[in-house]
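Notes follow the structure.
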Amino acid sequence: NNIYRIKLDDLNRASKNSIMNELRQLPNIHSVEEEPMIQSFYSPNDTYYESSSQCGLRTINADNTWDIWDIHSLHPSDKSVLLASVDTGVDYTHPDLVSNIWINQGEIPLNLFNLIDSNLDNFITSSELINYLDDYNADGEINLKDAVSIGSLLLDGIDTEQNEFIDDIIGWDASGSTSIDAVTSIPDNNPFPDHTSSDWSHGTHVAGILGATTNNSQGIASTAFDVKIM
């Protein structure tokens, strides 16, 4: 009530200031102030963000949403958000995914939990788990594959959180190996893609769209920026 917004187009700074001063001289005007139009254009620094492989983000206008967040120096990121990828499995060692891989807190043996939880925040990240592991599968690398390999101290054969999946530390392979026919294949606790399948990379591709680590100067940007992927 008695407050008016005036929009003046195609003005330079001098003419804008002149008009504001003229308005201040009017007897019925109490005050005049400028209302800046905020336009923030946020772009993550991921290698392929501007490439054709990221056209999906522009199709759904994800970048426009990020602009709103960036006005307040926030990012659309929440590690408590869990996205489940029901697909051909996920390469959970992928450098653009590994930090966002879900770790089933309830399946970590209690006697190991505090040893793995290095910052003692009662939440184990994939990085903390990797730092605890050894090269149990003897492939010359220490990564999340070792968490579900024979010899891993995490595998106690107990369905600790009672969800009917034993040792599902980083997810579950519901179909088992595709190298075995569907009748005799046995589901297991290793959701890594089966390279004997012709579409083995599809699940990793989808997981990247959902929750690849964004703004980390490599790979792609994801729709949800930074969340957990199961």
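The values are calculated or read from the model by the stated rules, or taken from the named source; none is laboratory data. The structure presented is a predicted model; accordingly, all values stated were derived computationally and were not measured. Cβ: placed from backbone, ideal geometry, glycine included. Neighbour counts: every protein chain shown. Only protein heavy atoms, including side chains, enter the accessible area calculation; ligands, DNA and RNA are left aside. Shrake-Rupley method; radii C 1.70, N 1.55, O 1.52, S 1.80 Å.
Size of region 141-230: Rg and Dmax of its alpha carbons, in Å, are 15.1, 44. For ASP173, the amide hydrogen comes within under 5 Å of the amide hydrogens of ASP188, ASN189, ASN190, counting only partners 5 or more places away or on other chains and with H modelled in the peptide plane. Normalised by the number of residues in the chain, the mean separation of alpha-carbon contacts (under 8 Å, six or more apart) gives a relative contact order of 27 percent.
Dimensions of region 1-126 from C-alpha coordinates, computed as largest minus smallest value along each principal axis and given longest first, are 78, 38, 25 Å. Note on region 43-66 and region 88-147: Cα centroid distance 29 Å, given to the nearest whole angstrom. Put simply, the chain fits an ellipsoid with semi-axes of 52, 20, 15 Å; these come from the alpha carbon gyration tensor as the roots of five times its eigenvalues, largest first. Each peptide among 184-196, 51-63 gets the average number of other Cβ atoms lying within 10 Å of its residues, and from highest to lowest they stand as 184-196, 51-63. In the chain, the sites counted are GluC sites (Glu not before Pro) in DSSP loop states with at most 13 other Cβ atoms within 10 Å, and the longest stretch holding none of them, exclusive of the sites, is 51-140. Only helical runs count toward this figure. For the chain, summing -39,500 (n - 2.57) over DSSP H runs of n ≥ 4 and dividing by all residues gives -6000 deg cm²/dmol at 222 nm.
With both labels modelled 7 Å from their Cα along Cα-to-Cβ, the ARG13 to VAL32 distance reads 1.8 nm.
Under 5 Å between amide hydrogens, built in the peptide plane, is the criterion, and for VAL81 it picks out LYS228 among residues at least 5 positions away or on other chains.
Taking only protein heavy atoms and a 1.4 Å probe, the accessible area of the chain is 54% carbon and sulfur. A simple spin-label model places the labels of ASP67 and GLU141 3.9 nm from each other, with each point 7 Å out along Cα-to-Cβ.
In this structure region 166-230 gives 47 Å² per residue of accessible area when probed at 1.4 Å with all protein chains present.
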